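The next block holds one structure in the form of structure tokens; read it before the comments.
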Amino acid sequence: MSERGRSMSAALAALLGWGGLAYLVTRASPQPYTWLLFLALLLVTLTFTAFLPLQYLHHRLSRSTPGSALRQSFWLALFVVLCAWLQMRRVLDWAVALLLAAVFGLIESYLLSRE
């Protein structure tokens with residue numbers, strides 16, 4: 001798939017995800033399955049939303065594989081989703097967020113060194 005096709009697909013998935021999140025937040029009652037659906041939609045939506053600027057930065061600054069931009073956008077989205085889940089459980093503080101960010105940064109730096 002070309003870079004333009006990946007961008008268009010990611011933009012469409014991000015728009016659908018934001019629409020799904022808006023519908024879920026405004027129409028659904030807070031039950032256990034809706035929290036799970038919210039976190040899953042948030043992960044998909046943030047992954048494809050972050051993919052667009054990361055793909056542009058990868059294209060302009062480095063000639064890495066297209067998969068690395070998608071992988072980095074997934075790490076970012078997973079970080080936000082885990083922070084949101086921890087905040088729902090009332091256990092998130094700055095030290096936990098910093099530790100999560102450090103773990104994801106170390107994993108990504110390891111994966112980049114293996115490319």
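The values are calculated or read from the model by the stated rules, or taken from the named source; none is laboratory data. Model, not experiment: these values are computed from the prediction. Cβ sites come from the backbone with ideal geometry, for glycine too, and all protein chains shown count toward neighbours.
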Considering the stretch 36-89, residues that are modelled with pLDDT of 90 or more, exposed (fewer than 14 other Cβ atoms within 10 Å of the Cβ) and of a type outside the set (A, V, I, L, M), and then whichever is farthest from the chain's Cα centre (by Cα), we arrive at 89
Specify the residue that is nearest to the chain's Cα centre (by Cα); the eligible residues are those in the stretch 90-115 that are farther than 27 Å from residue 68 by Cα and either surrounded by 10 or more Cβ atoms within 10 Å (Cβ to Cβ) or charged (D, E, K, R) (or both). 92
Set 49, 26: member being among the polar types (S, T, N, Q) and closer than 14 Å to residue 13 by Cβ: 49
